[in-house]
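The values are calculated or read from the model by the stated rules, or taken from the named source; none is laboratory data. Fair warning: this is a prediction, and the values are worked out from it, not measured in the lab. Positions of Cβ are backbone-derived with ideal geometry, glycine not excepted, and every protein chain shown enters the neighbour counts.
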Amino acid sequence: MALLRKTSAPLWTRQSFLILILLLALCFLSMAFGIATGSVDISLREVFTAMFNDDGTISSSVILELRLPRVISGFLVGGMLALAGALMQILLRNPLAEPYVLGVSGGASVFALLAMITGLSGYWVNLGAFTGALLSMLLVFGLSHMGGSWSPMRVLLTGVVIASGWGALINFLLAVSPSARLQGMLFWLMGDLGYAGHPGFSALVLLLATCLALFRARDLNLLIHGDLQAASLGVAVGRLRYIIYFLSSLLTATAVMQAGGIGFIGLIIPHLVRLLFGSDHRMLIPVSVLLGGSLLVVSDGLARILISPQQLPVGVLTALLGVPLFLSLLHFSMRMQRP
């Protein structure tokens, strides 16, 4: 019962509210940076003016029609990947688990590339990616339940095998695709917000997933300590696993549909939040969403100006930033654990 009292302890103290206010300010600044950054120089003053008063100038058109939807999409994708990573690490009980580990990205990539090869673009690429991601999710779910058993190791191994199969198909499609379409296909595979569609569906998915995860935050806290202990305290472990699996898969599928494969955010952000704020999911979930969204928006802004007028795929930059950051977090956490 001591564990139950601990996980039910009041969380929303004055310090917690201050942290969330600072994170919201960080989100606001990162989005302002993303809107102001690009091949056309736009000052922060012009950004704020266009947001509240569309005067019909070129700057306002660039901000409202091009950059603002892209920044919103980037924030939503980053938040979805961070939340999916946090949930996946609980589901698989593996600190190295991340959103793409179960092959969802591979299925999305295959169907998106098929759409590109046939000359389709825009909405059809997004629809193909979402369809492939859902198909991969169903394959992993069905195959890992053959025989009626469920275990994190079985789900992980099934996902790795499915991902390997999708990887082989991706290489085949790249090998036989027309050279004129190869660059766009590679950009999508590396992660590029230039393909992001209307952010409305992504916003709905992220909002619903975040609310549901927060609603089950106490159960997630208990599940960390093991199935038996969680079940003894009234948690329906089997049902909770299904919820985690479908939420993380749906978040990943939607993120891949919007921006292709963007790595490291779903791996780094949950680790960083646990290191700074602890493992209580009542705090971990909203903080992960806010930090993940802010990181991807800033990364996309940098990807558009580092080699301007050319643009880097944002997935390349998140990987370049993610490797040293993750190694630093790993080194710091090991030092914290030393007696």
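Against the condition part of a loop (DSSP other than H, G, I, E, B), among the polar types (S, T, N, Q) and over 25 Å from V110 (Cβ atoms), how does S288 come out, does it pass?
Answer is no for this residue.
Only one of these is over 30 Å from A36 (Cβ atoms) and crowded, with 21+ Cβ neighbours inside 10 Å: S105, S73. Name it.
S105 is the lone residue from the list that is over 30 Å from A36 (Cβ atoms) and crowded, with 21+ Cβ neighbours inside 10 Å.
Out of the residues in the stretch 115-127 that are surrounded by 18 or more Cβ atoms within 10 Å (Cβ to Cβ) and either in contact with a Pro (Cβ under 9 Å, 6 or more places away or on another chain) or touching a residue at least 40 places away in the same chain (Cβ under 8 Å) (or both), which is nearest to L182 (Cα to Cα)?
Selected residue: M116.
Search the stretch 65-76 for residues that are at negative phi and without any contact (Cβ under 8 Å) to a residue 24 or more places away in the chain and pair each with any residue that is in a helix (DSSP H, G or I) and of a type outside the set (K, R) when their beta-carbon atoms are under 8 Å apart and the residues are at least 6 apart or on different chains.
Hits for this filter: zero, empty list.
Search the stretch 292-315 for residues that are within 19 Å of T252 (Cβ to Cβ) and touching a residue at least 60 places away in the same chain (Cβ under 8 Å) and pair each with any residue that is β-branched (V, I, T) and in a loop (DSSP other than H, G, I, E, B) when their beta-carbon atoms are under 6 Å apart and the residues are at least 6 apart or on different chains.
Within 6 Å, the pairs are G315/I262.
Output the residues belonging to the stretch 17-48 that are crowded, with 17+ Cβ neighbours inside 10 Å and either touching a Cys at 6+ places or on another chain (Cβ under 9 Å) or modelled with pLDDT under 75 (or both).
Listed by number, the residues that qualify are G38, I42, E46, V47.
Anything in the stretch 206-225 that is surrounded by fewer than 20 Cβ atoms within 10 Å (Cβ to Cβ), in contact (Cβ under 8 Å) with a residue 40 or more places away in the chain and of a type in the set (A, V, I, L, M, F, W, C)? List them, or say none.
Across the stretch 206-225, the qualifying residues are L214, A217, I224.
Matching residues to (1) part of a helix (DSSP H, G or I); (2) small (G, A, S):
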residue: E46; (1), (2): yes, no
residue: M51; (1), (2): yes, no
residue: G74; (1), (2): yes, yes
residue: A82; (1), (2): yes, yes
residue: L96; (1), (2): no, no
residue: S105; (1), (2): yes, yes
residue: W124; (1), (2): yes, no
residue: V140; (1), (2): yes, no
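Could you list, in sequence order, the residues of the stretch 229-260 that are touching a residue at least 40 places away in the same chain (Cβ under 8 Å), surrounded by fewer than 24 Cβ atoms within 10 Å (Cβ to Cβ) and among the small types (G, A, S)?
G238
Restricting the stretch 128-138 to residues that are out of contact with any Ser or Thr (no Cβ under 6 Å at 6 or more places or on another chain) and buried (at least 20 other Cβ atoms within 10 Å of the Cβ), which is farthest from G103 (Cα to Cα)?
For the stretch 128-138, the residue satisfying everything is G128.
Are there helices (runs of 4 or more DSSP H) fully within the stretch 212-280 with at least 1 residues that are β-branched (V, I, T) and under 15 Å from the mean Cα position of the chain (by Cα)? List them.
Once the helices (runs of 4 or more DSSP H) in the stretch 212-280 are filtered for at least 1 residues that are β-branched (V, I, T) and under 15 Å from the mean Cα position of the chain (by Cα), what remains is 237-259, 265-277.
List pairs: first residue in the stretch 271-288 and within 15 Å of E98 (Cβ to Cβ), second residue small (G, A, S) anywhere in the structure, Cβ distance under 8 angstrom, at least six positions apart or on different chains.
From residues that are within 15 Å of E98 (Cβ to Cβ), the pairs are H271/S333; V273/A86; V273/S288; S288/G79; S288/A82; S288/G85; S288/A86.
Examine the stretch 170-185 for a residue that is assigned to a loop (DSSP other than H, G, I, E, B), among the hydrophobic types (A, V, I, L, M, F, W, C) and within 20 Å of P99 (Cα to Cα), and state whether such a residue exists.
So far as the stretch 170-185 goes, no, none of its residues is assigned to a loop (DSSP other than H, G, I, E, B), among the hydrophobic types (A, V, I, L, M, F, W, C) and within 20 Å of P99 (Cα to Cα).
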